[in-house]
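Notes follow the structure.
The values are calculated or read from the model by the stated rules, or taken from the named source; none is laboratory data. Predicted, not measured: the structure shown is a model, and the values here were computed from it. FYI the Cβ positions are ideal-geometry reconstructions off the backbone, even for glycines, and counts take in every protein chain you see. Only protein heavy atoms, including side chains, enter the accessible area calculation; ligands, DNA and RNA are left aside. Shrake-Rupley method; radii C 1.70, N 1.55, O 1.52, S 1.80 Å.
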Amino acid sequence: MEKKSLSQQTAHRLYTMIVVERRLAPGDKLPNEIDLAQELGVSRTTLREALHVLVSQGLLEVHRGRGTFVTHQAAQVNDYGFSNLDQVRGELRDLFELRSIFEPSAARLACQRATAEEMEEILARGQAVDQCIRQGLDRTEADREFHAAIVRATHNDFMMRLLPMINQAVSAAIAAGQHRDQLAEDTRRDHALLMDFFRKRDAEGAAHAMAIHIHHSIDTMELTPL
């Protein structure tokens, strides 16, 4: 089990180097096995197991006699590794920690900066999420549009650039989880409070409501801190 855990950790480190840090671009050849194992502080056997994991995910490909290369598919990766909730609890914790920093501030700015039309869209998108939950429909797209409307209303270009990563990763994380019903119930309740503050243009109230919503998700998904 320890050996398996170490190979998974090593695979994740390589995944981060390729997908998050972009230290290796599509088409790049990985360093030779000896050098890469030394850099990562693992045995060559562990490294080979980690490489096998990433090959099976389509991020790496082996060309016999030439070496191991980053595939062009790596440039389109959009699930951020959240295919198995049990294996990525640490990543989920970090993701929701990021959301707890980013999204309350976005809600505050949206209250302060949204035009009348933008506020109407936020409220309409929030209502669409509620309707999806009430009707038992998939709320992923509606939820994504709701949060996107909030971020657009901040009129902050850098917040807009961060939103797609958070939306795609959160969608994959929730889809892989085992708490969908509770998360949906929390969302209905929390969004109702959040939209009430938006209607009142209460920036601090909206920020607090968004923070509460994210922390409810953290508690429900049992993403305990280190």
Determine, yes or no, whether Ala75 is at pLDDT 85 or above and part of a helix (DSSP H, G or I). no
Near pairs, Cβ below 6 angstrom, 6+ apart or cross-chain, from the stretch 193-221 (open to solvent by 60 Å² or more (accessible area, probe 1.4 Å)) to any residue that is assigned to a helix (DSSP H, G or I): Leu193/Ala209; Arg201/Cys111
Give the residue, chosen from Gln127, Gln182, Gln168, that is open to solvent by 10 Å² or more (accessible area, probe 1.4 Å), at pLDDT 90 or above and in a helix (DSSP H, G or I). Gln127
